Structures are given as C-alpha cells and as structure tokens.
Amino acid sequence: MKFNIWTLLFQIINFVVLLYILRRILYKPIREIIEKRRGLIAKTVEDAEKTKKEALELKEKNQKELNKVKELQNQMLEQTREEALKDRSKLLDEANKEAAKINEKEKALIDAEKIRIELELKNKTLEMVSVFASNLLKDISDEELHRSIFRKLLKENGKIVSDISKIKGKEEILNIELFTAYPLPLDDVKTFKETLESQLAKKVKMNTTIDETLIAGVRIKVYDMIYDSSLAGQVNALASQLKETR
C-alpha cells in the first residue's frame, strides 16, 4: 500500500476540524456538566461536613444531656441511699428503744415475780414458824401462865382505859367482850371489872368466852377496838411485823 501524504494531511485537517466542532458544540455543555458535578460534589461534601458537624454537635449535646441524667441519677441514688440509711438508722433506734422497753418490762416482770416468790416463801415460812411456835407454846402453856398474863394486863390497863375514855358513848352500861384461853377465877374477873368501872365512872358488863386458840392470855374487845395479850395474838403480831419487813 502506497503512503499518500495528502491523504494523511487531509485526515489530520479533518480531525482538527472535528475537534474544533466538538469543542464548539460539546465543550461548554460538558464543562457545565462537570461544573455542576463539581458543585454537586462540593455541596454534597459541604452537606456531609455540615451533617457531620451537626451530628457531632448533637452527639455532644446528647452526651451532655446523658451526663446530666447520670449526674441526676447519681444524686437521686445518693439521696435515696442517704434516706435509706436515715430510715435504717431510725428503724434501728426504734427497734433498740422497743427492745429496751421489752427488756425493762421483762426485768420488771422478773423482779415482780422474784418479789412475789420471795414474799410467798416468806409468808409460808412465817406461817410455818407461827404454827410451830403456836404448837410449841400450847405444849408449854398452862393455867398458871395464863393467869400470870391476865394479872399483868390488870396492872397495865391504862391504855385500855385511855382509849375507851376518848370514844365512850352515852350508854349507861359498857359492854366488854373478854375472850380467854382458860377459865378465869371469878375474883380476877370481878377485880378487872371493878377497876374499869372505877376508872371510867361507868357500869361495865363483862361477857366472858373461852377460846382455846388463844393458847394463853386474853383478848378484849370494846366497841371496834381489840386488845390482844394472848400468846397466839403475840405470835400473829410478830409474824405481821416480819411480813412488813423487807
């Protein structure tokens, strides 16, 4: 194949003309498309940066809100814990106070029961001692001891006369109940009666009753007053005094 320079030159010219035509026709639209594409890309990048910035700001804001929520939560937890500790302390104090009250009540009950048992034991002991003493006195007492106690009463009748004088009524005859462990000689009873009449300036009626439970001695009742000089009365009086002793 023979090379033709004119053909090559013509093709080059055609190519240049084609390029010129294409440049005139297509360059501006392509350039506009490229510029639009660049603008779109730039806008997309800008929007992306803006979105990223907004996302970061939103994230930071959310983080701050989250931190506030956590801080508030911690404060609430701390407050709740403090209140729980206060409530627990209050409950413990109340429980301790209640336990102390219960202990005091139990101690009081125990002390009361102890006192009751001691008192009951003491009373039973005194009762046994009284019975024993009474039985012992019964074995050793006789009419001679009985008369001796009565004669002593005759010599020491000042209190009886003094008490009767304070409350004696307007009755003409004063009734006196005389309880005796053994029968008294009539002369002794008469002497006692006359002594009272002389000191009281009033007639006296003496009602005598035998009461062997007195063991020895006599018991006198005038109005609502009782004067007991019997051995049984003395044993009972001693037992009563011992009961009152703590």
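None of the figures in this text is laboratory data; all of them are computed from the coordinates on show. Note that this is a predicted model, so its numbers are computed, not measured.
Below is a table of values for the structure above.
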quantity	calculated
Relative contact order computed over the chain (Cα-Cα under 8 Å; 6+ residues apart), in percent	17
The range 66-168: radius of gyration and largest Cα-Cα distance (Dmax), Å	36.9, 114
Volume per residue of the C-alpha convex hull in the range 142-244, rounded to whole Å³	103
Equivalent ellipsoid dimensions for the range 15-84 as semi-axes, Å, which come from the Cα gyration tensor, largest first	64, 6, 4
Paired Rg and Dmax values of the chain, which use every Cα atom, in angstrom	65.5, 204
Antiparallel bridges, percent of DSSP beta bridges restricted to the chain (to nearest 5)	50
Computed [θ] at 222 nm, deg cm²/dmol, the chain (DSSP H ≥ 4; -39,500 (n - 2.57); rounded to nearest 500)	-27000 deg cm²/dmol
The range 198-237: mean projected area of Cα convex hull, nm²	3.6
When each of K152/K243; K124/K166; K138/K190; K221/K243; K155/K203 is checked by Cα-Cα distance, pairs over 31 Å	K124/K166
